[in-house]
Structure formats: C-alpha cells, structure tokens
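> Structure below; questions to follow.
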Amino acid sequence: MSSESSEDLFRYLEQTRELFGDELYHRPPESFVSDSGDQSFESGQYTSANLDKYREEIQSCQKCLLGETRQKFVFGVGDPHANLMLIGEAPGAEEDKLGEPFVGRAGKLLDKILAAIGRSREKDVFICNVLKCRPPKNRDPLPSEVELCESYLIHQIHLIKPKLIVALGRVAGKTLLKVEEPLKAMRGKLHDYHGTPLIVTYHPAALLRNSGFKPPTWEDFKWIRSILEGEQ
Ligand code: URA
C-alpha cells in the first residue's frame with residue numbers, strides 16, 4: 001500500500017471512530033478515497049471526490065438561514081492540492097459580493113504575507129472560511145451554523161490533503177479547536193484538526209487595526225514556512 005493510501009485509510013478510520021466510536025463501521029472502501037472516482041464517503045453521505053464538483057454540489061446550500069441572506073456562497077479559492085490551507089471565520093461584505101474569500105483590505109494584506117513566504121492564493125495555498133456564507137453585520141458564526149457548515153470544510157480538507165492548516169484569528173481558531181481561549185493561548189502551538197496539523201495566528205484584519213501584531217505574525221509565518229519546507 002502506498003504511503004498516501006495508508007494515510008487515507010488512517011484518516012478514514014479516525015473519522016469512523018469519531019462518528020461511530022470504537023465499533024468498526026464497514027462501508028465499501030473503494031468509493032471512499034479515490035480521487036479518480038466521482039464520489040467518496042464522508043460523514044454518512046456520498047459526496048464528490050473532486051473539489052470543483054464538490055463546489056457545484058454544495059453551493060446552493062440552504063441548511064441554515066444564512067443561505068437566505070447571502071449574495072454569494074464563498075466556497076474557497078486556490079490550489080486544489082495545496083500544502084497550506086488558510087481558514088478564516090466567515091465571508092465579509094466584499095467576499096459575499098464577489099464569492100471569493102479575503103478580497104477586502106485584510107485579504108490584500110494576506111496576499112502580501114503569502115508573497116513574503118514565496119506563495120500566493122494560486123500557488124500551493126487554498127483559502128476558505130469556516131462558514132461559507134456571510135453572517136449579517138459580520139457577527140461571529142453561531143454554534144448552530146458551525147455545526148451545519150463544518151462538514152463542508154472537513155470534506156474540503158479531505159480532498160485537498162494539506163500538510164498544514166492555519167486558522168486566521170481567534171474566532172476561526174476557537175471554532176475549529178472547540179475551545180474558549182484567547183488567541184495568545186492558542187498561538188505558538190501545533191494543534192490537530194481531524195488529523196491535520198493546525199496553527200492559529202492573527203487575523204489580517206487585526207494587523208490592520210494594530211500594527212504591533214505584525215512582528216509576531218511574521219514569526220508565525222516563518223514557522224509555517226519551515227514546516228512546509230520540511231525543516232521540522
Ligand atoms: N475575514 C474572514 O475571516 N474571512 C474572509 O473571507 C474575509 C474576512
């Protein structure tokens with residue numbers, strides 16, 4: 001078995017354990033992980049095994065009320081096989097209008113940070129949010145919205161298979177890690193999100209508000225680069 005297939009099998013077993021506990025739940029394995037196939041098995045449902053097809057499958061979502069107020073569903077953008085996945089909390093007004101994450105002022109700053117580590121949103125990076133639709137007045141995601149939307153994110157991660165996830169800001173960090181902690185407590189640690197290493201750093205909008213956050217953010221991104229380049 002190749003190391004990629006054993007990694008997939010390991011993730012499948014981890015997900016199975018999360019869903020069903022220690023009892024082994026058996027499903028035909030050939031449809032689960034194959035990128036060449038059309039479908040895979042995730043969270044009790046068959047879903048597309050290709051990122052573009054997956055977008056088509058979920059972009060008309062009406063599972064929560066945000067489906068009624070959004071202008072555009074913001075699936076995410078970037079390299080479908082990226083090693084680095086950046087996750088914000090939810091689309092803002094500009095993102096809602098254009099259907100792309102991080103396109104406002106904070107997004108422009110994020111592009112500069114990525115350029116400083118030799119990447120871009122097209123090059124080995126995938127950017128998305130925990131929620132795919134904008135909460136009214138940019139309020140924080142509600143737990144009920146996260147509960148309904150998170151399986152989309154988990155399936156995106158399953159398809160992209162990033163080496164590292166970076167949660168942008170306290171809200172994204174605490175929502176993914178299911179903790180109530182300040183950013184400082186989550187920063188500087190290698191966490192785990194469904195089998196993928198995860199780091200929490202400042203949200204680029206916070207850097208626009210307080211430039212004092214820029215040096216520690218740069219320290220985080222140097223660490224991120226070293227992880228991606230296999231130096232640790
Ligand atoms: N802030 C976020 O968390 N996500 C976006 O897409 C834009 C701003």
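The values are calculated or read from the model by the stated rules, or taken from the named source; none is laboratory data. For clarity, every value in this text was computed on a predicted model and none was experimentally measured. Here the Cβ is made from the backbone with ideal geometry for all residues, glycine too, and neighbour counts use every protein chain on show. These accessible areas exclude ligands, DNA and RNA; they are computed on the full protein's heavy atoms, side chains included. Shrake-Rupley method; radii C 1.70, N 1.55, O 1.52, S 1.80 Å.
> Summing +1 for each Lys or Arg and -1 for each Asp or Glu, what net charge is found among the other residues whose Cβ lies under 13 Å from the Cβ of A115?
Neighbour charge sum, excluding A115 itself: +3.
> At 1.4 Å probe size, what's the solvent-accessible area of E147? Round to the nearest 10 Å².
Surface open to solvent at E147 totals about 150 Å².
> With every protein chain left in place, what is the accessible area per residue of the stretch 55-143 in square angstrom, probe 1.4 Å? Numbers along the way, then the final one.
Values: 4260 Å² over 89 residues.
Averaged over the residues of the stretch 55-143, the accessible area is 48 Å².
> What would the Debye equation give as log₁₀ I(q)/I(0) for the stretch 193-232 at q = 0.14, 0.15, 0.26, 0.27 Å⁻¹, counting only Cα atoms as equal point scatterers?
-0.38, -0.43, -0.88, -0.90
> Quick one: Debye curve from the C-alpha atoms of the stretch 46-228, no solvent, what's log10 I(q)/I(0) at q = 0.08, 0.13 Å⁻¹?
Debye intensities relative to I(0), on a log10 scale: -0.22, -0.60.
> If amide hydrogens are placed 1.01 Å from N in the peptide plane, which non-local residues have theirs closer than 5 Å to the one on L198?
Under 5 Å from the amide H of L198 lie the amide H atoms of I165, H191, D192, Y193, each far enough along the sequence or on another chain.
> Please give the FRET efficiency for I154 paired with R105, using the beta carbon to beta carbon distance and R0 = 35 Å, rounded to the nearest 0.05.
Details: r = 29 Å, r/R0 = 0.84.
Approximately 0.75, to the nearest 0.05.
> When the accessible area of the stretch 111-232 is computed with all protein chains present and a 1.4 Å probe, what percentage of it is carbon and sulfur? Spell out each step's value before the answer.
Details: 2910 of 5400 Å².
Ligands and nucleic acids excluded, carbon and sulfur give 54 percent.
> A further question on this structure: If a paramagnetic tag sat 7 Å from the Cα of E180 along the Cα-Cβ line, which residues of the stretch 131-174 would have the backbone N under 18 Å from that point?
From the stretch 131-174, the list is 140-147, 170-174.
> A further question follows. Where does the charge balance sit around V74 when Lys and Arg score +1, Asp and Glu -1, over other residues with C-beta under 9 Å from its C-beta?
+1
> Once you've got the Cα coordinates, tell me which of K123/K189; K112/K132; K97/K222; K63/K137; K189/K214 are over 22 Å apart.
K123/K189; K112/K132; K97/K222
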